[in-house]
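Structure record follows, encoded as structure tokens.
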Amino acid sequence: MRDADAIEESARAQLRRGLRVATLVVALVVVFGLGLSTLLRHLDSYETPLAQFAAFAAVGVVLIGEAVLLVRGRSWGRLRGVAIAVVLSASMLSYLTLPDGRTSTGPDWMFGAANWAGLVVVLDRPLRAAVLFLLGHELTALCNLLVFEGASRGALARFATGSVTVVGFPLCVAVVATVLRSLGAAAVAARREIERVRVAEAVAAESHHRRQQRFAELSATTVPLLEGLADGSLRPEDPLVQRSCAIEAARMRRLFAESDRVDNPLLHELRHCIDVADRKGVVVELDARGRWPTPPLAVRRDLTEAVLTALATSATRARVTVVGSDALVSVSVVADCGELDVPVPATEGVRVEALAHGDTVWVEAQWQPAG
């Protein structure tokens with residue numbers, strides 16, 4: 001899932017980069033191509049040509065800055081506001097030194113250039129940023145027209161007509177960028193929801209598999225015992241039935257404990273087995289010494305099976321000892337459980353020994369980790 005997120009984020013980044021490159025190319029063509037040619041063509045009509053060149057240089061610096069950031073794979077960040085201020089200040093400087101009555105006419109190269117220069121700065125921001133900048137650019141030109149030139153109806157009509165393209169084209173690009181970002185975010189949200197549903201289905205399937213596995217593990221011993229108690233073929237007051245019930249109860253407690261996530265699963269499962277003896281009033285002592293690697297599930301069952309049987313059938317007392325290292329893990333129990341059938345380990349590397357003296361039985365299960 002993390003790899004898919006990385007791939008999708010990379011694709012979105014490439015899309016954003018491609019849109020920024022395309023917008024920068026348009027801005028460069030408009031400013032350095034059309035704008036510069038207009039400036040040079042009407043150079044004799046400007047009152048202060050040096051001011052026009054200064055404004056052009058300021059806009060050019062912003063575009064060059066955008067190109068550098070693109071190459072380095074970065075955005076404007078905190079310098080975004082400075083760049084917008086530079087573009088708007090350049091617009092004001094250009095308008096203040098225009099010939100009277102020439103706003104939004106041929107000599108006004110800034111009217112159709114500053115809009116693209118500012119757009120490249122705010123393209124990766126929300127749509128309102130582009131709208132606010134274009135509105136500020138329009139108000140700058142309109143104020144110059146109204147305050148310093150005493151606009152006539154014809155001048156206002158010319159200004160409105162020119163604003164259609166000056167605002168319309170950059171705004172369309174900003175809208176496209178916003179739509180692409182929205183589609184990308186929606187695609188990410190949809191994919192994550194699909195992943196969430198798939199994970200939930202996988203968890204449900206795994207839980208169902210575990211329940212079936214647990215039922216299969218209990219069906220060989222626990223289910224026949226319950227069926228015998230239900231149909232009356234087994235009598236609850238029979239000591240052998242009581243002994244079998246205690247053993248199966250301990251196995252069920254161990255089975256449920258196997259799914260818990262703990263630091264030491266072996267001790268955790270042993271404590272659940274001890275709990276069955278505690279409920280019968282048996283005094284149980286647990287002593288654990290050393291550190292050992294976590295045994296696999298099948299090995300833990302072999303290590304605890306004989307101990308589980310002794311604890312479940314002990315009469316008054318029991319002592320469980322766990323000693324471990326990297327080379328050997330030993331689980332032993334001393335209990336007054338009488339005769340005990342020692343189970344045969346199902347996994348290699350596990351060895352079980354038992355000694356009996358009267359009603360007292362000592363059982364030890366050892367496991368040597370491979371390697």
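Considering only protein heavy atoms and a 1.4 Å probe, what is the carbon-and-sulfur percentage of the accessible area of the chain?
61 percent
At R0 = 30 Å, how high is the FRET efficiency between Val175 and Arg153 if r is their beta carbon distance? Nearest 0.05 is fine.
Once the sixth-power term is evaluated, E becomes 0.45.
Given the range 115-269 reduced to its alpha-carbon atoms as identical point scatterers, what log10 I(q)/I(0) does the Debye formula return at q = 0.11, 0.18 Å⁻¹?
-0.71, -1.09
First select every other residue whose beta carbon is under 12 angstrom from the beta carbon of Val175; then total the charges, Lys and Arg +1, Asp and Glu -1.
+2
Have a look at Val21, Thr178, Val164 and report the one farthest towards the positive end of the charge dipole of the chain, computed about the Cα centre with Cβ charges (Lys/Arg +1, Asp/Glu -1).
Val164
So how far apart, in nm, are the two label points at His357 and Thr221 if each is 7 Å from Cα heading toward Cβ?
2.8 nm
Express in Å², to the nearest 10, the accessible area of Ser330 obtained by rolling a 1.4 Å probe over the protein heavy atoms while all chains stay in place.
Taking all protein chains as shown, Ser330 has close to 10 Å².
If the elastic network links every pair of Cα atoms under 10 Å, which of His42, His357, His208 fluctuates the most in the Gaussian network model of the chain?
Result for the chain, Cα springs under 10 Å: His357 fluctuates most.
Express the accessible area of the chain per residue in Å², computed with a 1.4 Å probe while the remaining protein chains stay in the model.
55 Å²
So how strong a dipole does the range 182-309 carry about its Cα centre when Lys and Arg Cβ are +1 and Asp and Glu Cβ are -1, to the nearest 20 debye?
For this selection, approximately 440 debye.
Below 8 Å between Cα atoms, with a sequence gap of 6+, how large is the relative contact order for the chain in percent?
Averaging sequence separation for qualifying contacts and normalising by length gives 10 percent for the chain.
In nm, what is the difference between 0.36 nm times the number of residues separating Ala370 and Glu285 and their Cα-Cα distance?
27.6 nm
Would you kindly state how much longer the chain becomes between Val68 and Asp341 on full extension, computed as 0.36 nm times their sequence separation minus their alpha carbon distance, in nm to one decimal?
90.2 nm
If R0 is 35 Å, what FRET efficiency do you get for Glu138 and Gln14 from their C-beta distance, rounded to 0.05?
0.60
Per-residue HN-Hα couplings for the range 40-47, Karplus 6.51 cos²θ - 1.76 cosθ + 1.60 at θ = phi - 60°, whole Hz, x for Gly and Pro?
For the range 40-47, the Karplus-derived couplings read 5, 5, 9, 4, 6, 8, 7, 5 Hz, x marking Gly and Pro.
Compute, for the range 249-371, the length of the dipole vector about the Cα centre, with Cβ point charges of +1 (Lys, Arg) and -1 (Asp, Glu) only. Units Debye, rounded to 20.
It works out to roughly 300 debye.
State, to one decimal in nm, how far the label point of Ala187 lies from the label point of Asp260, with both points 7 Å from Cα in the Cβ direction.
That separation, rounded to one decimal, is 4.7 nm.
Among 280-293, 173-186, 53-66, what's the highest-first ranking by average C-beta atoms within 10 angstrom per residue?
Going by the mean number of other Cβ atoms within 10 Å, highest first, we get 53-66, 173-186, 280-293.
Along the charge dipole of the chain, pointing to its positive end and built from +1/-1 on Cβ of Lys, Arg, Asp and Glu, which listed residue (Ala85, Val31, Ala315) has its Cα farthest out?
Selected residue: Val31.
The values are calculated or read from the model by the stated rules, or taken from the named source; none is laboratory data. Source: prediction; values computed, not measured. We place every Cβ from the backbone using ideal geometry, glycine too, and count neighbours over all the protein chains shown. For the accessible areas, the whole protein counts, side chains as well, though only heavy atoms, and no ligand, DNA or RNA atoms are used. Shrake-Rupley method; radii C 1.70, N 1.55, O 1.52, S 1.80 Å.
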